[in-house]
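Student: Would you mind keeping the following structure in view while I ask a few things?
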Amino acid sequence: DTGVSQDPRHKITKRGQNVTFRCDPISEHNRLYWYRQTLGQGPEFLTYFQNEAQLEKSRLLSDRFSAERPKGSFSTLEIQRTEQGDSAMYLCASSLGMGSNQPQHFGDGTRLSIL
Amino acid sequence: QQPVQSPQAVILREGEDAVINCSSSKALYSVHWYRQKHGEAPVFLMILLKGGEQKGHEKISASFNEKKQQSSLYLTASQLSYSGTYFCGTVLTGNQFYFGTGTSLTVIP
């Protein structure tokens, strides 16, 4: 069990650029979540996958955001045409099983800074 | 519609007890509790799955009152390592997971 890993740990980019983050969940974990967290706030739900299927998306996830989980393993979160308000920590979590009543294991996150 | 936690912040001396409350305006069917230390990812503490359930781990325990739509986290004989921000969490609208507003806990010697 190597834990949830996220890459990169930090990303600095200019406004208007596209960025992509990767999350590798704990192997055999079916469920994968993406959250966004800003300073002093709790994680905000963005989306989650059950295996390769994206089952729920927050309305926070504008059409500039897209997430994929091909083959039900790693996941990517892409933000197109980044804006200042996208600056945040992006957290990925995974859990075992089919329901939401399982512990979520978090990665260390990707910190995005928009110049 | 995220769960509301109280207090927002608390400072304790080592050995003192604390209670953190989590309330929802919507029905709760389960409650998660997590702790996040500064600059780190949230770490799972426990899940309560049905009304009235109480769970504990060492000196941290929690209760869940389904009728009142609230959960409480109890920290007994606090240690320095308990410092961090505590979040409750639950599934509300659809299958979206909502974290609570958070409670910052600082334990001082």
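Student: Please give me the summed charge of the neighbours of A:Leu91: other residues whose Cβ is under 15 Å from its Cβ, Lys and Arg +1, Asp and Glu -1. Can you show the working numbers first?
Tutor: Working: positive: A:Arg9, A:Lys11, A:Arg22, A:Arg31, A:Arg36, A:Arg111, B:Arg35, B:Lys37; negative: A:Asp7, A:Asp24, A:Glu44, A:Asp86, A:Asp108, B:Glu40.
So the environment of A:Leu91 carries a net charge of +2.
Student: Tell me the GluC sites (Glu not before Pro) within the stretch B:16-85 that lie in a loop according to DSSP and have at most 10 other beta-carbon atoms within 10 Å. Don't skip to the answer; put the middle values down first.
Tutor: Numbers: sites: B:Glu16, B:Glu40, B:Glu53, B:Glu58, B:Glu66; in loops: B:Glu16, B:Glu40, B:Glu53, B:Glu58, B:Glu66.
Those satisfying the criteria are B:Glu58.
Student: Going by a 1.4 Å probe on protein heavy atoms, which residues of the stretch A:43-60 end up with at least 30 Å² less accessible surface in the whole assembly than in their chain alone?
Tutor: At a threshold of 30 Å² (probe 1.4 Å), the residues of the stretch A:43-60 that become less exposed are A:Pro43, A:Phe45, A:Tyr48, A:Glu56.
Student: Further question on the same structure: Over 26 Å between Cα atoms: which of B:Lys37/B:Lys68; A:Lys14/B:Lys37; B:Lys37/B:Lys59; B:Lys26/B:Lys50 fall into that group? Let's see the in-between values first.
Tutor: Details: B:Lys37/B:Lys68 29 Å; A:Lys14/B:Lys37 29 Å; B:Lys37/B:Lys59 18 Å; B:Lys26/B:Lys50 15 Å.
Where the Cα-Cα span goes over 26 Å, the pairs concerned are B:Lys37/B:Lys68; A:Lys14/B:Lys37.
Student: Please give the per residue accessible area of the protein assembly as shown, computed with a probe of 1.4 Å over protein heavy atoms only, in Å². Before the final figure, lay out the partial values.
Tutor: Values: 11230 Å² over 224 residues.
Per-residue accessible area for the protein assembly as shown comes out at 50 Å².
Student: Relative to the isolated chain, which residues of the stretch A:89-103 have their accessible area cut by 40 Å² or more in the presence of all protein chains (1.4 Å probe, heavy atoms, no ligands or nucleic acids)?
Tutor: When all protein chains are present, A:Ser100, A:Asn101, A:Pro103 each give up 40 Å² or more of accessible surface.
Student: Another one. With heavy atoms of protein chains only and a 1.4 Å probe, what residues of the stretch B:73-106 have at least 20 Å² less accessible area in the full set of chains than alone?
Tutor: B:Phe87, B:Val91, B:Asn95, B:Gln96, B:Phe97, B:Phe99
Student: Another question, then. Within the stretch A:17-82, report the trypsin sites (Lys or Arg not before Pro) that DSSP leaves as loop and that have at most 14 other Cβ atoms within 10 Å.
Tutor: Values: sites: A:Arg22, A:Arg31, A:Arg36, A:Lys57, A:Arg59, A:Arg64, A:Lys71, A:Arg81; in loops: A:Arg59, A:Arg64, A:Arg81.
Sparse-neighbourhood loop trypsin sites (Lys or Arg not before Pro): A:Arg59, A:Arg64, A:Arg81.
Student: Turning to a different aspect of this structure: Using a 1.4 Å probe on the protein heavy atoms, what percent of the accessible area of chain B belongs to carbon and sulfur?
Tutor: Numbers: 2680 of 5380 Å².
Of the solvent-accessible surface of chain B, carbon and sulfur hold 50 percent.
Student: State, in square angstrom and to the nearest 100, the accessible area buried between chains A and B, both chains counted, probe radius 1.4 Å.
Tutor: Numbers: alone 6580 and 6160 Å², together 11230 Å².
Heavy-atom accessible area buried at this interface is about 1500 Å².
Student: Whenever you get a sec, compute what percent of the accessible area on the stretch A:10-86 sits on carbon and sulfur atoms (1.4 Å probe). Don't jump to the answer; show the numbers that get you there.
Tutor: On the way: 1790 of 4140 Å².
With neighbouring chains kept in place, the figure for the stretch A:10-86 is 43 percent.
Student: Could you tell me which GluC sites (Glu not before Pro) in the stretch A:35-115 are loop residues by DSSP with no more than 15 other beta carbons within 10 angstrom of their beta carbon? Before the final figure, lay out the partial values.
Tutor: Numbers: sites: A:Glu44, A:Glu52, A:Glu56, A:Glu68, A:Glu78, A:Glu83; in loops: A:Glu52, A:Glu83.
Counting only loop positions with at most 15 other Cβ atoms within 10 Å, the GluC sites (Glu not before Pro) in the stretch A:35-115 are A:Glu52, A:Glu83.
Student: Can you give the accessible area of A:Thr20 in Å² (nearest 10), computed on protein heavy atoms with a 1.4 Å probe?
Tutor: 80 Å²
Student: Something else about it: Count the net charge of all other residues whose Cβ sits under 15 Å from the Cβ of A:Ile114, scoring Lys and Arg as +1 and Asp and Glu as -1.
Tutor: +4
Student: Using a 1.4 angstrom probe with every protein chain in place, what is the largest-first accessible-area order of B:His32, B:His38? Don't jump to the answer; show the numbers that get you there.
Tutor: Numbers: B:His32 0, B:His38 175 Å².
Result of the area sort, largest leading: B:His38, B:His32.
The values are calculated or read from the model by the stated rules, or taken from the named source; none is laboratory data. Worth saying up front: this structure is predicted, and the values here are computed from it rather than measured. Every residue, glycine among them, receives a Cβ derived from its backbone with ideal geometry; neighbour counts consider all protein chains shown. Side chains included, ligands, DNA and RNA excluded: accessible areas come from the protein's heavy atoms. Shrake-Rupley method; radii C 1.70, N 1.55, O 1.52, S 1.80 Å.
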